[in-house]
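Structure record follows, encoded as structure tokens.
Please treat every number below as a calculation from the coordinates, not as lab data. Computed from a prediction, not measured in an experiment: that's the story for all the values here. Positions of Cβ are backbone-derived with ideal geometry, glycine not excepted, and every protein chain shown enters the neighbour counts.
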Amino acid sequence: MILQPNEVLHQGAGLTMNHLLSMKDLNPETINSLIEEAELISKGKVPELRKKFTAAYLFFEPSTRTKMSFEMAAHRLGISLLNFVPEHSSSTKGESLYDTVKTLEAIGTDLVVIRHSEDAYYQDLKDRISIPLINAGDGKGEHPTQSLLDLLTIHQEFGKFNKLNIVIAGDIFHSRVARSNAYALSKLGANVYLSAPDIWQDDSLPYDYVSMDEAVEMSDVLMMLRVQHERHGSEMDWTKEEYHQMYGLTLEREKRMKDTSIIMHPAPVNRGVEIADELVECERSRIFKQISNGVFMRMAILYRLLEKGAI
Ligand code: CP
């Protein structure tokens, strides 16, 4: 079923931001309206864009899920994509990110999606460009589109956020997913807890820490995080097996979870490290559901920014 623009989809709440940079910027009304739109899209109610748009995806860090699902979302909405390959671009000659984006804007690109290793890289861009920018991950800052697809997945499961016990567990310090989800979930009324080895705790996040043994018993949603080896200066203090036994979701710990609890993970997964291999696709895992939801949520976001001009 094809909807006409503005027919059923939300008008959006507070149409003021023409970028999606941080979950700190979104109020609960806007988050809920995006979830509602993505739900409609998941049921086949695909919105139609008024005109032909062109977007460019600039991934300066590796990605499978985010980049591919943004590409799939563009295909389904009829958005044309420019092929930007960082290592073949003039950024290798020293061109700044700002000049790269201004160049794409001058060429006629309607929207950019950027993943970059620098925390808050977007601060230098957001007030100086006139096309929408979607943050697809900034260093260890935030990953707002991952958070929104995670929120869609939780909402599909429980129909609410209020009073849910959500434990985000693992390499908290290096995780942009942890930050975006903690900000958003607490704003939506969930009880947010963190679980991490001492060296990967982040004191700037105002949430209580629990052990993994407490986490499995108390959580409605247990959100495991990838151990981000590429952001560590040195080897882990533990072998993979030691980490798994001390801080991971083992087969034994999963047995102590509540019947109704679910397991999430943004992926890619280190099987056998933060989560037992067998649990990645177990009955209570929503890991591949999250990936499917990424396409629906990114369609909702692209539609909102291109058609309405604001999130
Ligand atoms: N979850 C996530 O961001 O995965 P990718 O790094 O593969 O995009």
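If we count every other residue with Cβ under 12 angstrom of MET72's Cβ, Lys/Arg +1 and Asp/Glu -1, where does the sum land?
+3
Which far-off residues, 5 or more places away or on another chain, put their amide H under 5 Å from the one on ILE134, with H placed in the peptide plane?
Distant-sequence amide H within range of ILE134: LEU20, VAL112, VAL113, ILE114.
Specify the angular offset, from 0 to 90 degrees and rounded to the nearest 10, of the alpha carbon long axis of helix 287-303 from the longest principal axis of the alpha carbons in the chain.
30 degrees
Quick one: which residues, 5+ away or cross-chain, put their amide H under 5 Å from the amide H of LEU81? H built at 1.01 Å from N.
Amide H neighbours of LEU81: ALA55.
P(r) for the range 60-159, please, calculated from all Cα pair distances in 10 Å bins and given in %.
In whole percents, the pair-distance histogram is 13, 43, 34, 8, 2.
Tabulate in residue order the Karplus-calculated ³J(HN,Hα) for the range 67-75, using 6.51 cos²θ - 1.76 cosθ + 1.60 with θ = phi - 60°, rounded to whole Hz; enter x for Gly and Pro.
5, 5, 6, 5, 5, 4, 4, 5, 4
Can you list, bin by bin at 5 Å, the percent of alpha carbon pairs in the range 169-311, starting at 0?
In order of increasing distance, the bins hold 2, 9, 18, 21, 20, 14, 8, 4, 2, 1, 0 percent.
Could you check the spin-label model distance between SER91 and ASP203? Points 7 Å from the Cα along Cα→Cβ, value in nm.
With each label point 7 Å from Cα toward Cβ, the separation is 3.4 nm.
For GLY189, what charge total do you get from the other residues with a beta carbon under 10 Å from its beta carbon, if Lys and Arg give +1 and Asp and Glu give -1? Present the calculation step by step, with values, prior to reporting the outcome.
Values: positive: LYS160, LYS163, LYS187; negative: none.
Once all neighbours under 10 Å are counted, the net charge is +3.
If the elastic network links every pair of Cα atoms under 10 Å, which of GLY139, GLY294, GLY94 fluctuates the most in the Gaussian network model of the chain?
The residue with the greatest mean-square fluctuation here is GLY94.
Taking 0.36 nm per residue of separation and subtracting the Cα-Cα distance, what length does fully extending LYS160 through HIS232 add?
22.3 nm
What number does the chain give for Rg over Rh if you use C-alpha atoms and the Kirkwood radius?
Rg/Rh for the chain comes to 0.97.
Which one, ASN165, PHE70, ILE287, projects farthest toward the positive side of the charge dipole computed for the chain from Cβ point charges (K/R +1, D/E -1)?
Selected residue: PHE70.
Any idea what angle helix 28-42 forms with the longest principal axis of the chain, computed on alpha-carbon atoms, 0 to 90 degrees, nearest 10?
80 degrees
With no solvent and one point on each alpha carbon, what is the Debye value of log10 I(q)/I(0) for the range 115-197 at q = 0.11, 0.12, 0.21, 0.25 Å⁻¹?
Debye output, listed in q order: -0.34, -0.40, -0.98, -1.17.
Grab the DSSP H runs of the chain that are 4 residues or longer, score each as -39,500 (n - 2.57), total them, divide by all residues and round the 222 nm result to the nearest 500 deg cm²/dmol.
Numbers: 9 runs with 102 residues, N = 311.
After summing the helix terms and dividing by residue count, I get -10000 deg cm²/dmol.
Of LYS126, LYS187, LYS43, which has the largest mean-square fluctuation in a 10 Å C-alpha GNM of the chain?
Judging by the Gaussian network model, the answer is LYS43.
Hey, how many Å between the Cα centroid of the range 130-145 and the Cα centroid of the range 256-311?
Each part reduced to its Cα centre gives a spacing of 18 Å.
Treating the range 225-303 as a set of equal point scatterers at the Cα positions, no solvent, please give the Debye-formula log₁₀ I(q)/I(0) at q = 0.11, 0.26, 0.27 Å⁻¹.
-0.36, -1.22, -1.27
What are the ³J(HN,Hα) couplings of the range 157-172, residue after residue, when phi is run through the Karplus curve with 6.51, -1.76, 1.60 and θ = phi - 60°? Round to Hz, x for glycine and proline.
With the stated coefficients, the range 157-172 comes to 7, 10, x, 6, 10, 4, 6, 5, 8, 10, 10, 9, 10, x, 7, 4 Hz.
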